[in-house]
C-alpha cells in the first residue's frame, strides 16, 4: 500500500485573489465544488458536505487546520462513520497574470481499503476533474 499523497498542479489565467475567493467563499464554491451550508477559512472552523457517486452519498467532515490568506488553506477530510483521516492542502502561487495552484491530498491510505469508493484512483479522477475543469472554468470566466 502506498502512502504517497496525491498531488496535482494547475495554472489558471486569473489573479491569485480570485482563485483564493473561489476556494474560500461558500457562494463561489457552490458553483464549482460542493454546496456547503457554511464555510469560513479560519483555523478550527468545521464544515460538512455530502458527496459520492451513484446511489451512495458520504458525509464529509472537515476542519480547517491552517490558513494563510491568498497562499495556503489546509483542512482535514474524514467520512462520518468510517475510519481514517486525510488532509487537503491548497497552495496558491502568484505568477503575475496567472495563478499556479497545487493541491495535495494526503492520508488516503487511512480510509478503509476494502471500500472501492475510497480507492486512490477515485480521488485522482475527482481532483483532476475539479481542478482541471470545474475550478478552471469558474475562475477563468
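Points worth noting:
- Relative contact order for region 6-140, counting Cα pairs under 8 Å that sit 6 or more residues apart, in percent: 27 percent
- Förster-model FRET efficiency, 22 Å R0, residue 129 and residue 102, C-beta, rounded to 0.05: 0.85
- Contour excess over end-to-end distance, with Cα ends at residue 113 and residue 68 and 0.36 nm allotted per residue: 12.9 nm
- Calculated FRET efficiency for the pair residue 48/residue 18, C-beta based, R₀ 30 Å, to 0.05: 0.70
- A simple spin-label model places the labels of residue 80 and residue 34 1.1 nm from each other, with each point 7 Å out along Cα-to-Cβ.
- Pairwise centroid distance, computed over Cα atoms, of region 58-129 with region 11-36, Å: 15 Å
Bear in mind that the values in this text are calculations on the coordinates, not laboratory data. On a predicted model such as this, the values are computed, not experimentally measured, just so you know. A quick note on method: Cβ atoms are made from the backbone with ideal geometry, for glycine too, and the neighbour counts reach across all protein chains shown.
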